[in-house]
Each structure stands twice: as C-alpha cells, then as structure tokens.
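Student: Sharing a structure, written as structure tokens. Questions coming.
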2 protein chains.
Amino acid sequence: MAHFSHHSEENYLKTLHKLSSRHDKKVNNISLARALKLNPATVLEMVRKLSEKKLVQLSGDKSIKLTAKGEKIALITIRRHRLWEVFLVEKLNYNWDEVHALAEQLEHIESKDLTDRLDSFLNKPAYDPHGDPIPDKNGKIRNTNSIRFSSAVIDKSYTVLHLADTSDAFLEYLGKLNIKPGTKIKLKEKLEYDQSCIAEVNKRNIQLSEKATSNIMVH
Amino acid sequence: MAHFSHHSEENYLKTLHKLSSRHDKKVNNISLARALKLNPATVLEMVRKLSEKKLVQLSGDKSIKLTAKGEKIALITIRRHRLWEVFLVEKLNYNWDEVHALAEQLEHIESKDLTDRLDSFLNKPAYDPHGDPIPDKNGKIRNTNSIRFSSAVIDKSYTVLHLADTSDAFLEYLGKLNIKPGTKIKLKEKLEYDQSCIAEVNKRNIQLSEKATSNIMVH
DNA sequence: ATAATAAATTTGGTATGCCAAACTTTTTTT
DNA sequence: AAAAAAAGTTTGGCATACCAAATTTATTAT
C-alpha cells in the first residue's frame, strides 16, 4: 500500500472548491496554504503536480483555479463527505457538530459504487446535517436560493438552511443557542453601529453578531 | 496529514494474528512477507519498529509473536473489519463475497466511539457475513466450537459457520456452489485416495476437494 | 561434510508529502 | 521613489513505507 495520493489530492481540490465558491477573490498559494494549514512550499509543490495532471489551472497572475476535471473530483469528494455526515447523524446518532472530522476520513474511501449505495440507503438526501446541499452522482449541485441572515428582512420568518462557517467554534456557539438547519428564525432589529442584530429563535430574543448572521444561511 | 502509520501497522498486526492462529507454525519474516505481499526487507524493517513499540516480540529463533498489546490492536482491527462487513452486507446490500476490500479500508478509520456506535446500530452482531466471530470491544473473541468439515461425521447434518480461507477465489467457488454461512451441509461419502468427499448441499450431491472441506467450518 | 537451498539481513535507492529557512519578486504603504 | 510587507520560490531536509539486489547465515539434502 502506502499510496494514498488521492487522499491528499482530494483535500487540495476540495479546499480549492470551497475557497473559490466562498469569496470570489482569486485563490493564491498563500490562501490555499492557510486553508489547508500547510507550508506554502508544500502547497506550491503539490499545486504544480495537480497542474501537470490537469486538475488545476495556473494563470499568469498566480491564481489557482480548478479545471472542469478537478472541479468534478472536488464535488464527488464533497458528495461523499456529506453523505457520510448524514449517515453518522441519522444512523449512528452523532450530533451534527461532531461529524466533520470523521467524515473527513470516510470521504476518501475508494469504491466504484459505495457512495451510490450509501445514497440509496439514506434515501437520497438533498442536504447534509449542516444544511449544505449534497451534489448528485455527476457532481451537480442543486440551486438552493438561500440568503445570508444578515440580509434578511425585518419581521419576516425564515428557516435556517445551512451554515457557511463550519468551524467547530461556530457550530458549538450555535449549538448553545439551539440554532441548526431547520430552526425558524426572525430578524427583529438591526443595530446600525456594529451590524449586530436581535433575532427571535424558539420564542426568545437573542443577539447575534454580524459575523454570525452572515454565516447563517436561510430561506 | 500523511501519517497513516497506524494503517500499515494495523495490517501487520492483523496479518500476524491471522497467521499465528491459523497454523500453529512459528511465523517468520518470509511467511509474513508472503502473507502481506511485501518485500522481506520491508517487513524486516517494519517488524523491528513494531518490536521497539512492544507490539511484537522477536525471539532468538527468529520467530515473530504478537505481544498482548499487539494482539489487542489486531483484535480491535479485526472487530472493526468484521463490523463494517456486516454493515456493507446488511445495510448496503453487498454480497458477502464482495466486501473484503472495502472493509480493509474502512477498518482503519480512527475514532473513539465509531466502532461501538456501529456495533449498536447493527444490533451487536456475533458473526460477520463470512461467519467469523466478531471480537467484543475489549478484543475478546467468543468461543465458537466449530470444526472443519473435513473432520465431519458421515450422514450427520451440519451448518456452515464460517470459512477459514477468505481468498476471493475460494469465496467465488463457494458462491457458485451456493455454500455460505448458514447453509446446511451433510457429508455423504469420503474418498480415501485424495481425501475429497461427496457432500449434500441444498438437496444436491456435490464433490468437494480436501482443500475446500478443510476450510469450511461447521457445527 | 559439503553442496544446495532457503531465510535473514544489509545496502542503496524510490515516491509521497511534508517542513524551515533563505532568497527573490511583487505589492503596498508612506 | 524608497521602505516595508506580503507573496512566491528555491533549496535542502525529514519520515514513512516501500523495493531490488547483494550478501550473510541457517537449514536441508545428498
């Protein structure tokens, strides 16, 4: 054995996808290295290999972009990740904020049809436990038309769809407030000086920072 | 990342366990290398590392034995392997002879409690789809008092419990004969000159070689 | 006992994926 | 435009886990 090249490769591609879909800033070596928590030298080396394999494209302005081929691998990896998360939460009773690290491992399991069998077993879920959409077997992602809660309309009722920040700290914070995908939420008041707001959740008014509201996706 | 040491390590320990429980011959470097399909130089190097970690004991006669610590890791790995096999067969509808390679990957997933949750989800099965007993969370294996079909009594009815040879070739061969754990089998006749036999399976008489009968465990 | 064979070991080498430190280029600030 | 900061790049290095080939040590057969 000892050839888990796909393992590392999939992580680079997945992270590239995440970075380029989040901000629409160009992804460079440094930002990718930061996201992967790796040394820029390491990342540069790997990105060159990915470029040789035509999985990423390196432009003259040093930006790193996924090719169609790379994008597809990224999306298939994300599909596997999210399906495993559904499995862990629905079948093994994990909390939705505990499954990320495990899914990071499971997503790299190699098999022609495991993912599709898992998909069927889970009744072809459309969203993972964080509310993120699960790409189909071709890597196509359904359009979600969700908006950031930070741009919500006052006094209109919304449902939390997913969270744009999946850091443990954020998930734990929301856990304490009992906010998760499916939670009903209403914007009551917006404080201009720091863009924080008062929201109604579970019949209670709570205060949310701008950082929090811009990472809570609702519809 | 890129430290999947446990991955490789677990494979060595698992294989050592298998070899020393099968034959009671001493396991040496060559036999281990053959079983792992690796170069003897590689195996020697790794075995020395395992020895430093007190997972195996190297005696003066060059035999390689698991320590209690190594044995425990081997059994926990086997537990994970077999539980995943049950999952793949029972939940994802794989055939029992298709799951080995996938379980080889899944068994190395690292987590405190994943295995126990999986165990509960599957209703704490005692045997895997090949009929092999699943060690408990402490690595203890239930006593199975099964015998090789090659030492069965003529005209007595037995049930196939598990298969001592899990090679793809053997599993495929048995698949064609419709023999699997749970199958009823009766020894009709034993041919002295090559130790092959006639057995009744599913109301039909079939011929089985000595090699086959000694790998079919019944009770 | 000696020759042949098998096992054990040493040596030098490979690929992957990572790092720190030094250095160069580009961008930003002043 | 010069200085400072940030980004990009090169270099040399590390650990893991593998290999082939040569060599040494045991074992087995004659």
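The values are calculated or read from the model by the stated rules, or taken from the named source; none is laboratory data. Note that the coordinates shown come from a computational prediction; the quantities given were computed from them, not determined experimentally. Neighbour counts are summed over all protein chains in view; Cβ atoms, including those assigned to glycine, are modelled from backbone coordinates with ideal geometry.
Student: Determine which member of the set B:36, B:32, B:58, B:88 is within 16 Å of DNA strand C (Cβ to nearest atom) and crowded, with 21+ Cβ neighbours inside 10 Å.
Tutor: B:32
Student: I've got another one for you. Among the numbered criteria (1) in contact with a strand residue (DSSP E or B) (Cβ under 9 Å, 6 or more places away or on another chain); (2) modelled with pLDDT of 95 or more, which single criterion is violated by residue A:115?
Tutor: (1)
Student: To continue, here is another question. Go over the candidates B:15, B:77, B:67 one by one and state the one that is touching a strand residue (DSSP E or B) at 6+ places or on another chain (Cβ under 6 Å) and β-branched (Val, Ile, Thr).
Tutor: B:67
Student: Please find, within segment A:131-172, the residue that is surrounded by the fewest Cβ atoms within 10 Å (Cβ to Cβ) out of those that are free of Cβ contacts under 8 Å to residues at least 60 places away in the same chain and among the aliphatic types (A, V, I, L, M).
Tutor: A:169
Student: Let me ask another. If I go through segment B:65-86 residue by residue, how many of them are in a loop (DSSP other than H, G, I, E, B) and under 27 Å from residue B:173 (Cα atoms)?
Tutor: 0
Student: Check segment A:186-193 and report whether any residue there is in contact with a Cys (Cβ under 8 Å, 6 or more places away or on another chain) and in a loop (DSSP other than H, G, I, E, B).
Tutor: Looking for residues that are in contact with a Cys (Cβ under 8 Å, 6 or more places away or on another chain) and in a loop (DSSP other than H, G, I, E, B), one finds at least one in segment A:186-193, hence yes.
Student: If residue A:78 satisfies all but one of (1) surrounded by 15 or more Cβ atoms within 10 Å (Cβ to Cβ); (2) within 14 Å of another protein chain (Cβ to nearest Cβ); (3) more than 16 Å from DNA strand C (Cβ to nearest atom), what's the number of the condition it fails?
Tutor: Against the list (1) surrounded by 15 or more Cβ atoms within 10 Å (Cβ to Cβ); (2) within 14 Å of another protein chain (Cβ to nearest Cβ); (3) more than 16 Å from DNA strand C (Cβ to nearest atom), residue A:78 comes up short only on (2).
Student: Do the conditions hold for residue A:153, that is, is it modelled with pLDDT of 90 or more and under 28 Å from residue A:84 (Cβ atoms)?
Tutor: no
Student: A further question on this structure: Residues being in a helix (DSSP H, G or I) and free of Cβ contacts under 8 Å to residues at least 60 places away in the same chain: count how many of those fall in segment B:17-64.
Tutor: 25
Student: Does segment B:107-130 contain any residue that is part of a loop (DSSP other than H, G, I, E, B), away from chain A (no Cβ under 14 Å), in contact (Cβ under 8 Å) with a residue 60 or more places away in the chain and buried (at least 17 other Cβ atoms within 10 Å of the Cβ)?
Tutor: Within segment B:107-130 (the criterion being part of a loop (DSSP other than H, G, I, E, B), away from chain A (no Cβ under 14 Å), in contact (Cβ under 8 Å) with a residue 60 or more places away in the chain and buried (at least 17 other Cβ atoms within 10 Å of the Cβ)), the answer is no, since none of the residues qualifies.
Student: Same structure again: Mind checking which residues of segment A:9-51 are within 11 Å of DNA strand D (Cβ to nearest atom) and among the charged types (D, E, K, R)?
Tutor: Of everything in segment A:9-51, those that are within 11 Å of DNA strand D (Cβ to nearest atom) and among the charged types (D, E, K, R) turn out to be A:25, A:26, A:34, A:45, A:48.
Student: Moving to a separate point now. I'm told residue A:89 meets every condition in (1) assigned to a helix (DSSP H, G or I); (2) away from DNA strand D (no atom under 16 Å from the Cβ); (3) without any contact (Cβ under 8 Å) to a residue 24 or more places away in the chain except one. Can you identify the failing condition by its number?
Tutor: Among (1) assigned to a helix (DSSP H, G or I); (2) away from DNA strand D (no atom under 16 Å from the Cβ); (3) without any contact (Cβ under 8 Å) to a residue 24 or more places away in the chain, residue A:89 violates only (3).
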